[in-house]
1. Picking from T257, T160, T172, which is most flexible by a Gaussian network model of the chain using Cα springs under 10 Å?
2. Cut-off 10 angstrom, C-alpha nodes, Gaussian network model of the chain. Which of D260, D279, D118 fluctuates the most?
3. Between G38, Y51, P85, whose Cα lies farthest towards the positive end of the dipole of segment 34-105 when Lys and Arg beta carbons carry +1 and Asp and Glu beta carbons carry -1, centred on the Cα centre?
4. Could you tell me the calculated FRET efficiency between E190 and E263, based on Cβ-Cβ distance and R0 = 35 angstrom, to the nearest 0.05?
5. Would you mind telling me the share, in percent, of accessible area of segment 245-401 contributed by carbon and sulfur at probe 1.4 angstrom?
6. Can you give me the accessible area per residue for the chain, using a 1.4 Å probe, in Å²?
7. Take peptides 363-371, 51-59, 32-40, 321-329 and line them up by average Cβ neighbours within 10 Å, highest first, as a rough protection proxy.
8. Tell me which of G71, V251, A230 sits at the most positive position along the dipole axis of the chain, charges placed on C-beta atoms (Lys, Arg +1; Asp, Glu -1).
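The values are calculated or read from the model by the stated rules, or taken from the named source; none is laboratory data. In this text the structure is predicted, and so the values were computed from the model without any measurement. As a convention, Cβ positions derive from the backbone with ideal geometry for all residues, glycine included, and neighbour counts pool all protein chains shown. To get the accessible areas, we keep the full protein, side chains included, count just its heavy atoms, and leave off ligands, DNA and RNA. Shrake-Rupley method; radii C 1.70, N 1.55, O 1.52, S 1.80 Å.
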Amino acid sequence: MTDRNIRVEPVDGRAVEDQDVEIVERKGLGHPDSLCDGIAEHVSQALAREYLDRIGTVLHYNTDETQLVAGRSAPAFGGGEVVDPIYLLITGRATKEYKGTKIPAETIALRAARDYIDEQFPFIDFGTDIVVDVKLGEGSGDLQEVFGEDGTQIPMSNDTSFGVGHAPLTETEQIVLETERQLNGRYSDENPVIGQDIKVMGKRESETIDVTVAVAAVDRYVDGIEEYDAAMEGVRAFVEDLATEYTDRTVRVHVNTADDYEEGSIYLTTVGTSAEQGDDGSVGRGNRSNGLITPNRSMSMEATSGKNPVNHIGKIYNLLSTEIARSVVEAVDDIREVRIRLLSQIGKPIDRPHVADASLVTVAGVEVGDIEAEVEAIIDDELANVTDITERVIDGELTTF
């Protein structure tokens, strides 16, 4: 094993599952913040692939400053309309010329944004319901690299920053994550009344889990309040059933709790997102790289989506720390919970962090020292293969929100 600065220690405090109160949130695919994350990351992948095709290497760029200004709509039973379009600005930096080769970065970004909207949001008409603008400043050329022990090119860290990951997910975390994913997956496939803007908040107090779900309804599929009520009841029943796959605790599901049927105030939308009704968005204000917002856990405030996947620690170390945490709990017995923290120093090789810290909660009767060597070996191996993260991100294998 190498001389990487790897530390393994006990967690200071109780495992999250043992704490009396746990809070977990997920902003779904169509939430304005997630919409920005998704477009920024799709543009990032498109730029990286284009650089590889044209130059043979990924050049400098970042698109993690993407912003959304909400539009205005007039939803109505049977179908309404968007009155003022959503406005989205893709901004950041990109290399547009390298050693005489010109790269149409802004055209690539606009095409990627259109493709993402068309693929993920069937009710949004690109160019009509949403207007996208691209303003990318000039990047700084190629990225500095060094060679690792096996001859692999190892990028130098672009920043002194850190990433955090944890595993395994608690029951509440699993319920929150899968609720949004499946509502925006197999459930909406059969129930198109469900829009993509779904927000899930989980709260566990002792042995009771409350799941509060906000679900945008698409007006063209709703003829009246009775149909709307039936659609929301269907969501509630689906989530209740889903939760039993992850817990034996008592689960209570609440859907669109702000609705007031007597006043006619319901969550009805035209294109399936609150971005049409005054809710702005920004990259990095929503889910962390594991898809959740978890105040009971250590978290990084870095935006992961849109960052360069070669040497930007805000992306690489958040993804890598999560991958390490999962690998540790899968490979090493007797671990109830692990937290991984990776800290970089600017200008240093990304496979050699300033510190790699693993904090563990073990089962009763097992000391951290009993499994320390196994954990260190896994961390060392994952760091030695850190450039795999870059390839997996560009290929779209790893999600960032």
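1. T257
2. Among D260, D279, D118, the largest mean-square fluctuation in the Gaussian network model of the chain belongs to D260.
3. Y51
4. 0.70
5. Accessible surface attributable to carbon and sulfur in segment 245-401 totals 42 percent.
6. 42 Å²
7. Top of the packing list down: 32-40, 321-329, 51-59, 363-371.
8. Positive-most Cα among the choices belongs to G71.
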